[in-house]
Amino acid sequence: MDQDATATLLAALRCQADWGADEPMEPTPAPLRDRVPPGAARWLAGPAPVAPPAPALVARPAPATPAAGFAPAPAAAASLAADAGSLEALRAAIAGFDGSGLRDTATNMVFCDGNPDAGLMLIGEAPGADEDREGRPFVGQSGRLLDRMLASVGLHRANDFYVTNILPWRPPGNRTPTDAEIALFLPFVLRHIALVRPRQLLLLGGTAAKALLRGREGIMRLRGRWHEITVEGLGPVPVLPTLHPAYLLRSPAAKREGWADLVMLRRRLDGQG
């Protein structure tokens, strides 16, 4: 093995150790091992965009019984979600739901974007300022990175995936959603999944992963492997948690892990994993 290859492997090992890896990553599949597509090279190796200073986050309150998961959502939200027989009906149900004060502080409801028939559904955390203005998910800086990431493995928003968030309304100041807010909107999210009927779910970031996997593990332990959830009216769905693109903007070194997750996704879509 030449010195350049050895240095590359040592750098990869150091990166995994720095981010708390406790088991070796699966080798990259042969079709993607020998070269990095041009799209991937731009978002993996290029300089990270300069993000504006993040607003102060409001800490999410700890639940009284962490091992028990989220408390049941109010009956009104669960009933409205169950009665929605189509995506348009679900959109209308969420727009008319008055059980959350988030609607009063947001500009627009953010429901979805992309192709609902693609078979791949992405779920993020909540709208940001750009999404709140436009009424579409992932249209700001992190959304542009997300599009470049997925394009690097041949996936494009118009045809190949469908994207939404756990919360349809922007939390004030872009703060992290509380457990109560997540529990309130979770019936709508699960109904959304049941109506779209995806063959795979890609969960963007720790909030989405913890909400749907009902666990307390951090995203660095959840990512890198497939999980499964059961959705009423649909059945079991394969789920791959990965790092949120906003996190990758703040921590460019973690793009290595993001790329590994996309390789796993591409393999599953191609029937190889």
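For the reader, a short list of remarks on this structure follows.
- Inter-label distance, nm, simple model (7 Å from Cα along the C-beta direction), ARG225/ASP117: 3.7
- Averaging the sequence gap over all C-alpha pairs within less than 8 Å and six or more residues apart, then dividing by the number of residues, gives the stretch 70-269 a relative contact order of 24 percent.
- Virtual spin-label span in nm between ARG216 and ASP98, 7 Å along Cα→Cβ: 3.7
- Where labels lie 7 Å past Cα in the beta-carbon direction, separation of ASP83 and ASN108 in nm: 2.8
- With the largest listed first and rounded to whole Å, the semi-axes of the equivalent ellipsoid of the stretch 160-220 from the Cα gyration tensor are 19, 14, 12.
- For the stretch 70-269, share of DSSP beta bridges that run antiparallel, in % to the nearest 5: 35
Just so you know, all these numbers are worked out from the coordinates, no wet-lab data involved. In this text, all values refer to a predicted model and were calculated from it rather than measured experimentally. In this analysis, Cβ positions are derived from the backbone assuming ideal geometry, glycine residues included, and neighbour counts consider all displayed protein chains.
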